[in-house]
1. Report yes if some residue within segment 71-78 is surrounded by fewer than 18 Cβ atoms within 10 Å (Cβ to Cβ) and in contact with a helix residue (DSSP H, G or I) (Cβ under 6 Å, 6 or more places away or on another chain); otherwise report no.
2. List the pairs whose first member sits in segment 19-35 and is within 16 Å of residue 216 (Cβ to Cβ), whose second member is assigned to a loop (DSSP other than H, G, I, E, B) and at pLDDT below 95, and whose Cβ atoms are under 6 Å apart, counting only residues at least 6 apart or on separate chains?
3. Could you check segment 1-65 for strands (runs of 3 or more DSSP E) lying wholly inside it with 2 or more residues that are modelled with pLDDT of 95 or more and buried (at least 22 other Cβ atoms within 10 Å of the Cβ)?
4. Looking at segment 141-149, is at least one residue touching a strand residue (DSSP E or B) at 6+ places or on another chain (Cβ under 7 Å), farther than 16 Å from residue 230 by Cβ, at pLDDT 95 or above and surrounded by 18 or more Cβ atoms within 10 Å (Cβ to Cβ)?
5. Do you know which of the residues in segment 208-241 that are in contact with a strand residue (DSSP E or B) (Cβ under 9 Å, 6 or more places away or on another chain) and surrounded by fewer than 15 Cβ atoms within 10 Å (Cβ to Cβ) is nearest to residue 185 (Cα to Cα)?
6. Does residue 191 fit the bill of being loosely packed, with under 15 Cβ neighbours inside 10 Å, part of a helix (DSSP H, G or I), over 20 Å from the mean Cα position of the chain (by Cα) and modelled with pLDDT under 95?
7. Testing residue 164 on (1) closer than 22 Å to residue 5 by Cα; (2) part of a helix (DSSP H, G or I); (3) within 20 Å of the chain's Cα centre (by Cα), one condition comes back false. Which one is that?
8. If you scan segment 165-184, which residues turn out to be touching a helix residue (DSSP H, G or I) at 6+ places or on another chain (Cβ under 6 Å) and either under 23 Å from residue 84 (Cα atoms) or without any contact (Cβ under 8 Å) to a residue 24 or more places away in the chain (or both)?
């Protein structure tokens, strides 16, 4: 029987590539999304991957959504915490709402999504938890104190949980993408985008499929000895010490 994977924020951008990649690797995949019904319906029609709508920044919604996914596909073996938002502002202009929303959705969702699943993974002595952080969680980014803090927190969450679950056959790893060629990045003004690319030693944006391939590797049996790791996928734009 195929293992079941759940990808949050899984109908667009990097999340969509991850969901499709996991399906192509033979997993039964469910994709969560928050609000864009049109994009979700298009993704489902194109890929055949079932979609489930809830806000990952709401603990009760996560518990209910996970129950729905498991009712449809079976126990979740692989969780990819990909969903996130940005609400950028310089700190001296940032509102409490901008801070709270990003911390709740980007970082709080790590707990809200993982807590309902961890007991089942421990009982089955198997699990793969793959958290998507960001280059800006490693190096920081002006105008993104909220986002950088949340994404750095994901790295700490990953390292702690990896130690808690290692003896139960559950691996917990984090991927830190650099600038990836998605609709969001392509919306950046061309002059600004070229300036960003100029800071990437490999001379190009990353591809969503490259993040998907890393995710598939970490989800597989060959990665059973890798846990608590930070996978930096950024074309050498930032090299962590």
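1. The answer is yes, given that some residue of segment 71-78 is surrounded by fewer than 18 Cβ atoms within 10 Å (Cβ to Cβ) and in contact with a helix residue (DSSP H, G or I) (Cβ under 6 Å, 6 or more places away or on another chain).
2. Hits for this filter: 26/2; 27/2; 28/2.
3. Counting at least 2 such residues, we get 4-7, 28-33.
4. Scanning segment 141-149 turns up no residue that is touching a strand residue (DSSP E or B) at 6+ places or on another chain (Cβ under 7 Å), farther than 16 Å from residue 230 by Cβ, at pLDDT 95 or above and surrounded by 18 or more Cβ atoms within 10 Å (Cβ to Cβ).
5. My answer is 239.
6. Yes.
7. (3)
8. Result: 172, 173, 174, 175, 176, 177, 178, 179, 180, 182.
The values are calculated or read from the model by the stated rules, or taken from the named source; none is laboratory data. Values in this document were obtained by computation on a predicted structure and should not be read as measured data. In this analysis, Cβ positions are derived from the backbone assuming ideal geometry, glycine residues included, and neighbour counts consider all displayed protein chains.
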